[in-house]
Amino acid sequence: MAALLTPLVSLPVDAPATPLGIVFAMVSEVLLGALLGLAGVVCFLALQWAGLLIVQECGLAFGRIVDPTSNEQETVIGVFYIQMAVVIYLIIGGHRALIATCLDTFDTIPLLGDDRTTMFGAELLFKALTLSGHIALRVAAPTMLALFLANLALGFVSRTMPQLNVLAVGFSIKAMIAFLLMAVSLPSAADAFICSLEQVYQWLNQLIRN
């Protein structure tokens, strides 16, 4: 992305005159880029957290796969949600919005000349993380509620029919309920992801322009 945007960016007019000032200005630019990247990543983390909540409730947390992007073990449902989010992100043009936001920073914030924007970046990241938690609960809540009711039902069955191996039967029942509820709630999960992206990019634009 840096190679694509470099020809479109003009040289700074009021660059710092001292080497120390240039170093501080470059650090400020790096922090601004990290702010733009992290603010968008939290939207993907919301779906990953939702998948983690679901697998912890339905008993599928034992099955994990290696995520090649992070080189860590991730839950299958979490990876599924992340891949779905990437597809939605490309379909709705999220990559174009990210590039446009990066270009807007060069139009409204002088290159190597303003470090005030990064001072308010922590507040924006805090709001984005809070929104991410809300989205994760919004996506996982229907499935978690159904699994909670299923656990209650299985508890009553185990009390009335002690000879039934509820532990073995419960895994299959909860897995089927989880997959069914996930399939039903996929449109709402996609809508929640899109709404979170729109909100985060709106906050970024307000931060950059103000």
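Read-outs throughout are calculated quantities, based only on the coordinates presented, and are distinct from any laboratory measurement. Here the structure is a predicted model, which is why all the values come from computation and not from measurement. Because the Cβ atoms are built from the backbone with ideal geometry, glycine has one as well, and the counts that use them run over all protein chains shown.
In this simple spin-label approximation, residue 198 and residue 145 carry label points 7 Å from Cα along the Cα→Cβ vector, and these lie 2.3 nm apart.
Computed from backbone phi, the HN-Hα couplings of segment 161-171 come to 10, x, 6, 7, 7, 5, 4, 6, 6, x, 4 Hz, rounded to whole numbers (Karplus: 6.51 cos²θ - 1.76 cosθ + 1.60, θ = phi - 60°; Gly and Pro given as x).
3J(HN,Hα) along segment 31-47: 5, 5, x, 5, 4, 5, x, 5, 5, x, 5, 4, 5, 6, 4, 4, 5 Hz, from the Karplus curve 6.51 cos²θ - 1.76 cosθ + 1.60 with θ = phi - 60°, whole Hz, x for Gly and Pro.
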